[in-house]
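The values are calculated or read from the model by the stated rules, or taken from the named source; none is laboratory data. From a predicted model like this one, the values you see are computed outputs, not experimental measurements. Using ideal geometry, Cβ is built from the backbone for each residue, glycine included, and neighbour counts are taken over all protein chains shown.
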């Protein structure tokens, strides 16, 4: 009876935890399915336009996300993020306007933070006449 009570307590504790959807899933391999993947010019404006067109047909839940770095371009800060699923793997520049969960990560450029960005939410919107991928939210990060 004692072991049953301990097991029940462990299961209820685990069930109450807020684990991200893919926390216990294997990481998808990086299959180079995007244009220019092997040429290293994925972050050019032309490549990004093609990738934005591609992801616009999907939902954020269709991919898993892996942090690469932050880059500054003029007044904007982008989070370079590797999008992955079973069919493809490519890097996208995500414009960050809301730093609520990312400020500590920005300060260290991701060092000592998990590589995978769980439950990342984004939208494609116009900014200064260009379509941009805009960061909206993600699973909380413990600093």
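So residue 83 ticks every box in (1) at pLDDT 95 or above; (2) exposed (fewer than 14 other Cβ atoms within 10 Å of the Cβ) but one. Which box is left unticked?
Answer for residue 83: the failing condition is (2).
Conditions (1) farther than 23 Å from residue 27 by Cα; (2) not in a helix (DSSP H, G or I), marked per residue:
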position: 53; (1), (2): yes, no
position: 58; (1), (2): no, yes
position: 67; (1), (2): no, yes
position: 72; (1), (2): yes, yes
position: 81; (1), (2): no, yes
position: 90; (1), (2): no, yes
position: 98; (1), (2): yes, yes
position: 107; (1), (2): yes, no
position: 131; (1), (2): yes, yes
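Would you check which residues across segment 109-122 are under 12 Å from the mean Cα position of the chain (by Cα) and farther than 18 Å from residue 30 by Cβ and list them? Steps first, please.
First pass over segment 109-122, keeping only residues under 12 Å from the mean Cα position of the chain (by Cα): 114-122.
Listed by number, the residues that qualify are 119, 121, 122.
Which one of these does residue 73 not meet: (1) closer than 19 Å to residue 51 by Cβ; (2) surrounded by 12 or more Cβ atoms within 10 Å (Cβ to Cβ); (3) touching a strand residue (DSSP E or B) at 6+ places or on another chain (Cβ under 9 Å)?
Going through the list (1) closer than 19 Å to residue 51 by Cβ; (2) surrounded by 12 or more Cβ atoms within 10 Å (Cβ to Cβ); (3) touching a strand residue (DSSP E or B) at 6+ places or on another chain (Cβ under 9 Å), residue 73 breaks only (2).
Hey, could you check segment 103-138 for residues that are in contact with a strand residue (DSSP E or B) (Cβ under 9 Å, 6 or more places away or on another chain) and farther than 26 Å from residue 54 by Cα and say which is surrounded by the most Cβ atoms within 10 Å (Cβ to Cβ)? Walk me through it before giving the result.
Just the residues of segment 103-138 that are in contact with a strand residue (DSSP E or B) (Cβ under 9 Å, 6 or more places away or on another chain), to begin with: 105-106, 109-110, 113-127, 131-138.
Filter once more, keeping what is farther than 26 Å from residue 54 by Cα: 105-106, 109-110, 113-114.
Details: 105: 21, 106: 13, 109: 12, 110: 19, 113: 16, 114: 15.
Applying the filter and picking the extreme gives 105.
Considering only residues that are within 17 Å of residue 68 (Cβ to Cβ) and modelled with pLDDT of 85 or more, which ones fall in segment 31-51?
43, 44, 47, 48, 51
Name the single residue, out of those in segment 86-102 being in contact with a strand residue (DSSP E or B) (Cβ under 8 Å, 6 or more places away or on another chain) and closer than 17 Å to residue 47 by Cα, that is surrounded by the fewest Cβ atoms within 10 Å (Cβ to Cβ).
For segment 86-102, the residue satisfying everything is 95.
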